[in-house]
Every structure is written in C-alpha cells, then in structure tokens.
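**Student:** What follows is a single structure, and I will ask about it in a moment.
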Amino acid sequence: MIIIMEKTATQDNIQAVMNILKEHGFRAILHEGAVHTVIDALGDKTSLSPDRLDAMEGVSHVKLIREPYRMASRDRKPEDTVIEFDNGVKIGGANRPVFMVGPCSVEDDYEGLLQVALAAKEMGCQFLRGGAFKPRTSPYDFDGLGEKALKYLAKAKEETGLLVVTELMDSSDLDLVCEYADVIQIGARNMQNFRLLKSVGKCSKPVVLKRGPASTIKEFLLAAEHIMYNGNEKVILCERGIKGFDSSYTRNVLDISAIPVIKKYSHLPVIVDPSHGTGQRYLIEPMAKAGLVAGADGVMVEVHHNPAQALSDGKQSLSIPQFKEVFTKLNSIIDVLHLEKSMSLPTVE
Ligand code: PEP
Ligand code: MN
C-alpha cells in the first residue's frame, strides 16, 4: 500500500507513520515530493490495517496497490519516470524518443565499430549499443570479446560522446561492466535471472531490461520490480518480441500492444527493439515506426558496418547507409508525434 500524507503533514507526522510501519515489519520507502510526501509500504497488510494508518495525524489517504508489482506500478507513481544522464539526455516522459544503435556484438574491428558510432552521432542518436558478453543459443557461436569489447566501446564513446549500452550476463562481471557502461542491459534470456536482477538492483547505473521471449507482461514488470526493490529505480523496459508459432517469416512476434499496456500500468520508460523483435532487416523500419506511434520512449536497432560478415545477427542488422535512410524517416515521424505530444500533454512537473 501507499500512504499519501497531507500537504500540511509535519516531520513528526511522517516519522510516526514510518515508525508504525517498521514496528509491523514493513519496509517503508519515503518519497518527499514537491507537494505531497508519499510512503511506500511493502509488507503484509494483515498485520497492520490500512484503516489504522488512514486515521493517523497528517495522513491524507491510503491507497492499496492492485497489481503484484508495486514500485513499478503507476498506482504508486502516476507521473512518468524520466531517467536523466549527465550529458542531459533523458529517457521517458514526454521527451523526444532516444535511439540506441550499434552492432549485436562488438567485434575485433575497432574501425568498424567507430564507423557505426560516427554515423549514429551524425544522425543525432544518443547511445551506442554493442555486446561484449553475448548469450548465444549454440556454444559454438561467437560469444563476445569480453573486456576488449568494453574498451572498444569506451574508446568510441570518447571519440563521439555517445553513451554506452552493453549487456551483463553474470553478476561477477558487474564491476567491470559498470566501469565502462552508461546503461547496463539485461538480455531477454536473463529476464528472470533473479540473482542477476538483484545485483543490478544494487548498482546505480540505469538498466535496460529486455522482455523474456516467453514472458507475460506481468512477469516482465515483476522482473523490473526485483531491480527496483533492490534499490535501483532506473529501469527502462525493452519490448523485443516474444515466441510465436510462425518462425518462417519472423524470428519473434513483436508485441506492439505491450507498449501502451505497460504505459497504462507502469510509470517506467519503454523502448522497442525491432531487430530482435522481427529478425528481419526489412521489418525494422515499419516496426520501429509502429513502436513510436504506440508510445515508445526509444528504439534499439542493430547496425553493422558490414552485416553480411557480422559474427552475430547480421540478418537483422542494418548497414550504415540503410540505417541513415531508416533513421531519417523515423525522425520525421517523431517530429509529428512530438509536436502532438507537446501540444496536447500538460507539462510534467
Ligand atoms: C542483443 O541485444 O543483442 C540481444 C542478445 O538481445 P535479446 O536479449 O533481446 O535477445
Ligand atoms: Mn543481437
């Protein structure tokens, strides 16, 4: 449940509520907003009735959270979460959607990576993505360059100013990955690796959490909840397609409706990945457009300097000229959508 304090509540009133919650075994998280103070109470409400809290001095009302996820729920936090980076880039809210582009895997060809990064920069993207630790279906496939790839990403960041997104597969690499990454990616296959979610919950970097290929939206939001519950509220959800039955045309079924569904039930930013979502290069443009129209806060796209030679996911990667062409079209859609957003939505405070 959440306890919303009166505007006029005193520090003593707030402390009294915090104390009683703690006495009854709740974990109480205090959010001091500009107008109201809100207390998240995580625990067993049979041990302390909401009515008793409601009657306390300074309490405006007590709201029960209907969904099993609480911290991720819009009931708890009606306004959109906006994640802001040191360079001013923002993800979420009514801000302009962001782009995360780059190869599936960082390969042993720094010049190739740099070409992609320079093109991304030229086109106004904000993030360079690329895997250093790659989850691969087959043990015989290329599984990443490890730290060498992280160093390449850092060098490309130095040359372009792009923020770096890269995947973490194992908690034992957390410190290493945090040293180089601005955003940590938790891949689809690890969406329910709860130990891993707990460890990124304990770090301060924003996390892109990809939807598991066979996960419901509820499971997806509960996975985000694990990260938030462990202390990191900077979670970006990524819809990247779920398993369907017709893999002859598409690798996954990109669940576009998940975007507005998540927006309805959660305040967290949502991005869309049409590369993994479809597995087909020609489907990136229409599905990225669909994602943006459905309200995505960003798009993740695989771009390779030579897709035919890529060591992973070449078939779903755009070449640099293709990327520029697609990106130009996406930008004009954003111009239209963004204008509408800023005309029709009140400013979020
Ligand atoms: C990736 O982003 O390269 C990746 C492996 O994605 P996913 O976890 O969505 O399959
Ligand atoms: Mn990939």
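The values are calculated or read from the model by the stated rules, or taken from the named source; none is laboratory data. These numbers come from a predicted model, not from an experiment. Cβ: placed from backbone, ideal geometry, glycine included. Neighbour counts: every protein chain shown. Quick note on the areas: whole protein, heavy atoms, side chains included, nothing else; ligands and nucleic acids left out. Shrake-Rupley method; radii C 1.70, N 1.55, O 1.52, S 1.80 Å.
**Student:** Does Leu145 qualify as being within 16 Å of ligand 2 (Cβ to nearest atom) and open to solvent by 10 Å² or more (accessible area, probe 1.4 Å)?
**Tutor:** yes
**Student:** Would you check if there is a residue in the range 249-264 being surrounded by 24 or more Cβ atoms within 10 Å (Cβ to Cβ), under 22 Å from Ile334 (Cβ atoms) and within 16 Å of ligand 2 (Cβ to nearest atom)?
**Tutor:** Taking every residue of the range 249-264 in turn, at least one turns out to be surrounded by 24 or more Cβ atoms within 10 Å (Cβ to Cβ), under 22 Å from Ile334 (Cβ atoms) and within 16 Å of ligand 2 (Cβ to nearest atom).
Per-residue answers, yes or no, for (1) open to solvent by 40 Å² or more (accessible area, probe 1.4 Å); (2) within 18 Å of Ser266 (Cβ to Cβ); (3) within 16 Å of ligand 2 (Cβ to nearest atom):
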residue: Pro50; (1), (2), (3): no, no, no
residue: Pro68; (1), (2), (3): yes, yes, no
residue: Ala72; (1), (2), (3): no, yes, no
residue: Val82; (1), (2), (3): yes, yes, no
residue: Val106; (1), (2), (3): no, no, yes
residue: Glu111; (1), (2), (3): yes, no, no
residue: Met123; (1), (2), (3): no, no, no
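**Student:** Out of all the residues in the range 192-215, which are more than 19 Å from Asp297 (Cβ to Cβ) and within 16 Å of ligand 2 (Cβ to nearest atom)?
**Tutor:** If the condition is that a residue be more than 19 Å from Asp297 (Cβ to Cβ) and within 16 Å of ligand 2 (Cβ to nearest atom), then Gly212, Pro213 are the ones that fit.
**Student:** So in the range 84-94, with the set limited to residues that are touching a residue at least 12 places away in the same chain (Cβ under 8 Å) and in contact with a strand residue (DSSP E or B) (Cβ under 9 Å, 6 or more places away or on another chain), which one is surrounded by the most Cβ atoms within 10 Å (Cβ to Cβ)?
**Tutor:** Looking only at the range 84-94, we keep the residues that are touching a residue at least 12 places away in the same chain (Cβ under 8 Å), and these are 85, 87, 89, 91-94.
Narrowing the set further to residues that are in contact with a strand residue (DSSP E or B) (Cβ under 9 Å, 6 or more places away or on another chain) leaves 85, 87, 89, 91-92.
On the way: Phe85: 15, Asn87: 10, Val89: 16, Ile91: 28, Gly92: 23.
That would be Ile91.
**Student:** Return yes when Ser266 is more than 16 Å from ligand 1 (Cβ to nearest atom), at pLDDT 95 or above and either assigned by TED's automatic domain parsing to the domain that holds Val183 or under 12 Å from the mean Cα position of the chain (by Cα) (or both) and no when it is not.
**Tutor:** yes
**Student:** Cβ-Cβ under 6 Å, sequence separation 6+ or interchain: first residue in the range 154-175 and buried (at least 18 other Cβ atoms within 10 Å of the Cβ), partner in a loop (DSSP other than H, G, I, E, B) and acidic (Asp, Glu). Which pairs?
**Tutor:** Filtered contacts from the range 154-175: Leu163/Asp182; Val164/Asp182.
**Student:** Report the residue count in the range 54-105 for those that are closer than 30 Å to Gln126 by Cβ and not in a loop (DSSP other than H, G, I, E, B).
**Tutor:** Total satisfying the criteria: 11.
**Student:** Read through the list (1) within 16 Å of ligand 2 (Cβ to nearest atom); (2) open to solvent by 10 Å² or more (accessible area, probe 1.4 Å); (3) not β-branched (Val, Ile, Thr), then give the number of the only condition that Phe127 fails.
**Tutor:** Single failed check for Phe127: (2).
**Student:** Here is a follow-up. Is there a residue in the range 28-39 that is modelled with pLDDT under 95 and in contact with an Asp or Glu (Cβ under 6 Å, 6 or more places away or on another chain)?
**Tutor:** Within the range 28-39, one or more residues are modelled with pLDDT under 95 and in contact with an Asp or Glu (Cβ under 6 Å, 6 or more places away or on another chain).
**Student:** Also, I was wondering about something else. For Lys218, all conditions in the list (1) away from ligand 1 (no atom under 16 Å from the Cβ); (2) assigned to a helix (DSSP H, G or I); (3) buried (at least 16 other Cβ atoms within 10 Å of the Cβ) hold save one; what is the number of the exception?
**Tutor:** (3)
**Student:** Does the range 299-319 include one or more residues that are more than 16 Å from ligand 1 (Cβ to nearest atom), within 23 Å of the chain's Cα centre (by Cα) and either free of Cβ contacts under 8 Å to residues at least 60 places away in the same chain or more than 18 Å from Lys121 (Cα to Cα) (or both)?
**Tutor:** For the range 299-319, residues more than 16 Å from ligand 1 (Cβ to nearest atom), within 23 Å of the chain's Cα centre (by Cα) and either free of Cβ contacts under 8 Å to residues at least 60 places away in the same chain or more than 18 Å from Lys121 (Cα to Cα) (or both): absent.
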